[in-house]
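Chemist: Questions regarding the structure given below will be posed in turn.
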Amino acid sequence: MGATFDIWKLTKQVLFYALVVVIVVVSVFPFYYAILTSFKSGTDLFRVTYWPTSLSLENYRQVFTQGSFPRNLLNSLFVASLTVILALFLAVTASFALSRVRFRGRGLLLMVILAVSMFPQIAVLAGLFEVIRGLGIYNTPWALIFAYTIFTLPFTVWVLTTFMRDLPIEIEEAAIVDGASPWVIITQVFMPLMWPALVTTGLLAFIAAWNEFLFALTFTVSNQTRTVPVAIALLSGGSQYEIPWGTIMAASVVVTVPLVVLVLIFQRKIVSGLTAGGVKG
Amino acid sequence: MASIELRNLRKSFGAVEVIKGVDLEVRKGEFMVFVGPSGCGKSTLLRLISGLEDITSGEMLFDGKVVNSLTPSKRGIAMVFQSYALYPHMTVYQNMAFGLKLEKGHSKDEIRQRVEKAADMLQIRQYLDRLPKQLSGGQRQRVAIGRAITRDPKVFLFDEPLSNLDAALRVATRIEIAKLHADMHEVTMIYVTHDQVEAMTLADRICVLRDGLVEQVGTPMELYERPDSMFVAGFIGSPKMNFISGKFAEPFGCETVGVRGEHMIINEGPGRWTGKVIHNENLGADSYIYVDIGSEEPVVVRLEGANTYKSGDSVNLSPMDDKIHRFDKAGKPIR
């Protein structure tokens, strides 16, 4: 009896870890292959291998020396950072109103905000293009910041509103009794309590802005204003018939690494932030 | 330092009227306690005085000046909440100094002095660098009281501050609040509770509320000895006053007769009423025996010290004739 039981237990464990391995391999493999390819050069590129065979930094050198990739990287950093700051500022103030101030049509407004995020990008592309042209910010980073902020806000507002709603009302009332204005309550009382939620939403907004392609392709035309996803897609090789896989992969790795580092730094905060915003306690 | 006057004060939440026209005067330096069953509007009344809720109609005056539309800090109030409501991310010191920092015009040294003075009063000086989560419930409530003291308010408001504490701590903190009132005798204090022991022990005057209206205002002894209604008579005093009606009340010439447990005597010989003991609670210093005399509810008799009555024992009992309360049909006293 004992032996069969142990075998069954062992089988279950083996199956469990086998499944884990499958999931990890499937999700990590594309990125792994990109890294592998980025270290290859010449005709090596077209030989399929699954283990590192060469370690050439030639592709990385090319990425940073040819074209305007460093400039694109700075553009991306600027656009994504400013989007996060702007979106968080607007979302924190908006969610204070939506969770704490009683006014008519509050629920409707929240639903509308959510509905905005249901439109596919392509549906609003033409309209947004007109707005951006009208504002005179076409082909500048501001066009992207403007568009990304619009698309990040529904999500940030929703998460922060749920989070703020769970903060005890007495703390706010104690602050009112202490003579705090709404601005002081937001910045000095609520924000410190909301770090996990702010970090989580901020990071997700950053990733969304960093990786966005369609708007970036549409609202910028020159190499000087492009962000990295577009720049990578438009990387060209020595001739019309050559796709520079090595450089593309190197560029992709360079672009992804900062995100991975950011996520690792804020990992703990993200986990507590996601649960804290969603469920009580 | 402030007298408070409420004139026909009303408060509605949507269609529901919670405060239905309250007239009340709280004197300078007085300790006023609002008591009443849950839902009577006592907390709402306190929040109206604090300024956290808007007044629907009526007038509120502090020192003769209308304050209806003033913010809490402009009214010069400080409040202690049931759930402590400390700022979780600030140390005890920062919690206590927060109000003063927002109120411009205090130097750093002055703030430190005032925080330390308040901390000394409450013996929490050794906790000034800790975060609220590192403190016990009683310590947290002391910090909350300290935060209120530091701001040197004209009016001190307490919203059931002891409800979250365990029994032993509740008594200790109650004594501390009484001491605080003695030390700060010029500050007007208003205290909300549903616990009539807290009301009796702390109050200069008690205001009994019922369904959004003032039922009676008076000193604890006035309410105990001369209740203006059956409701007040039943609410003040522990154990609850015995109300005996029907044929038992007829000899007294009233609808209902009220006798407190401590005003019942067990007679050796024949008494006014006879009944069987149905339950006996020995508390050591005193004891309550429940006697079924045939009235609607059993009669509670409070005896000094422990006793040996058992369920089923037959006893004769009588009320002290000069301590009975007679009530008419409407529940009003006949004097």
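The values are calculated or read from the model by the stated rules, or taken from the named source; none is laboratory data. Quick caveat, the model's predicted, so the values are computed rather than measured. With ideal geometry, Cβ positions are generated from the backbone for all residues, glycine too; neighbour counts draw on all protein chains shown.
Chemist: Assess whether A:Trp142 counts as being within 14 Å of A:Ser99 (Cα to Cα), part of a helix (DSSP H, G or I) and either more than 14 Å from chain B (Cβ to nearest Cβ) or touching a Pro at 6+ places or on another chain (Cβ under 6 Å) (or both).
Modeler: No.
Chemist: Among the residues of the stretch B:32-49, is any within 8 Å of chain A (Cβ to nearest Cβ), buried (at least 20 other Cβ atoms within 10 Å of the Cβ), in contact (Cβ under 8 Å) with a residue 40 or more places away in the chain and not β-branched (Val, Ile, Thr)?
Modeler: Going through the stretch B:32-49, the residues within 8 Å of chain A (Cβ to nearest Cβ) turn out to be none.
No: zero hits.
Chemist: Take the stretch B:54-76 and flag every residue that is touching a strand residue (DSSP E or B) at 6+ places or on another chain (Cβ under 9 Å) and within 7 Å of chain A (Cβ to nearest Cβ).
Modeler: Residues of the stretch B:54-76 that are touching a strand residue (DSSP E or B) at 6+ places or on another chain (Cβ under 9 Å), as a first pass: B:54-64, B:66-68, B:70, B:72, B:75-76.
Hit for the stretch B:54-76 is B:Pro72, nothing else.
Chemist: Check A:Arg61 against each of (1) assigned to a helix (DSSP H, G or I); (2) basic (Lys, Arg); (3) over 20 Å from A:Val228 (Cβ atoms) and name the one condition it does not meet.
Modeler: A:Arg61 satisfies every listed condition except (3).
Chemist: On the given criteria, is A:Val92 over 30 Å from A:Pro154 (Cα atoms), in a helix (DSSP H, G or I) and at pLDDT 90 or above? Working first, answer last.
Modeler: Working: over 30 Å from A:Pro154 (Cα atoms): no; in a helix (DSSP H, G or I): yes; at pLDDT 90 or above: yes.
Judged against the criteria, A:Val92 is not a match.
Chemist: Give the stretch B:53-81 a look and list any residue that's under 24 Å from B:Lys20 (Cβ atoms) and assigned to a loop (DSSP other than H, G, I, E, B), or say none.
Modeler: Those that are under 24 Å from B:Lys20 (Cβ atoms) and assigned to a loop (DSSP other than H, G, I, E, B): B:Glu53, B:Asp54, B:Ile55, B:Thr56, B:Val67, B:Asn68, B:Ser69, B:Leu70.
Chemist: So which of B:Glu110, B:Glu186, B:Glu103, B:Glu160 is closer than 25 Å to B:Phe31 by Cα and either of a type in the set (Ser, Thr, Tyr) or surrounded by fewer than 19 Cβ atoms within 10 Å (Cβ to Cβ) (or both)? Quick ask: steps written out before the conclusion?
Modeler: On the way: B:Glu110 fails: closer than 25 Å to B:Phe31 by Cα; B:Glu103 fails: closer than 25 Å to B:Phe31 by Cα; B:Glu160 fails: either of a type in the set (Ser, Thr, Tyr) or surrounded by fewer than 19 Cβ atoms within 10 Å (Cβ to Cβ) (or both).
Only one candidate qualifies: B:Glu186.
Chemist: Would you point out the residue of the stretch B:189-222, among those that are in a helix (DSSP H, G or I) and of a type in the set (Val, Ile, Thr), that is surrounded by the most Cβ atoms within 10 Å (Cβ to Cβ)? Show your work before the answer.
Modeler: Our first condition is that a residue be in a helix (DSSP H, G or I); within the stretch B:189-222, this holds for B:196-202, B:220-222.
Subset that is of a type in the set (Val, Ile, Thr): B:197, B:201.
On the way: B:Val197: 13, B:Thr201: 15.
Per the criteria, the residue is B:Thr201.
Chemist: Further, regarding this structure: Is it the case, given these coordinates, that B:Glu186 is over 21 Å from B:Asp322 (Cα atoms) and modelled with pLDDT under 90?
Modeler: Working: over 21 Å from B:Asp322 (Cα atoms): yes; modelled with pLDDT under 90: yes.
Spelling it out, B:Glu186 is indeed over 21 Å from B:Asp322 (Cα atoms) and modelled with pLDDT under 90.
Chemist: Related question: Examine the stretch B:258-281 for a residue that is out of contact with any Leu (no Cβ under 6 Å at 6 or more places or on another chain), of a type in the set (A, V, I, L, M), without any contact (Cβ under 8 Å) to a residue 40 or more places away in the chain and surrounded by fewer than 19 Cβ atoms within 10 Å (Cβ to Cβ), and state whether such a residue exists. Steps first, answer last, please.
Modeler: At the first step, the residues of the stretch B:258-281 found to be out of contact with any Leu (no Cβ under 6 Å at 6 or more places or on another chain) are B:258-263, B:265, B:267-270, B:272, B:274-281.
Narrowing further to those that are of a type in the set (A, V, I, L, M): B:259, B:265, B:277-278.
Next, from what is left, pick out any that are without any contact (Cβ under 8 Å) to a residue 40 or more places away in the chain: B:277-278.
Next cut, surrounded by fewer than 19 Cβ atoms within 10 Å (Cβ to Cβ) only: B:278.
Scanning the stretch B:258-281 turns up at least one residue that is out of contact with any Leu (no Cβ under 6 Å at 6 or more places or on another chain), of a type in the set (A, V, I, L, M), without any contact (Cβ under 8 Å) to a residue 40 or more places away in the chain and surrounded by fewer than 19 Cβ atoms within 10 Å (Cβ to Cβ).
Chemist: Can you tell me how many residues within the stretch B:200-249 are over 27 Å from B:Ile289 (Cβ atoms), among the hydroxyl-bearing types (Ser, Thr, Tyr) and under 15 Å from the mean Cα position of the chain (by Cα)?
Modeler: Qualifying residue count, the stretch B:200-249: 1.
Chemist: Oh, and also: State all residues of the stretch A:174-194 that are part of a helix (DSSP H, G or I) and among the aliphatic types (A, V, I, L, M); if no residue qualifies, say none.
Modeler: Of all residues in the stretch A:174-194, those part of a helix (DSSP H, G or I) come to A:174-177, A:182-193.
Across the stretch A:174-194, the qualifying residues are A:Ala174, A:Ala175, A:Ile176, A:Val177, A:Val184, A:Ile185, A:Ile186, A:Val189, A:Met191, A:Leu193.
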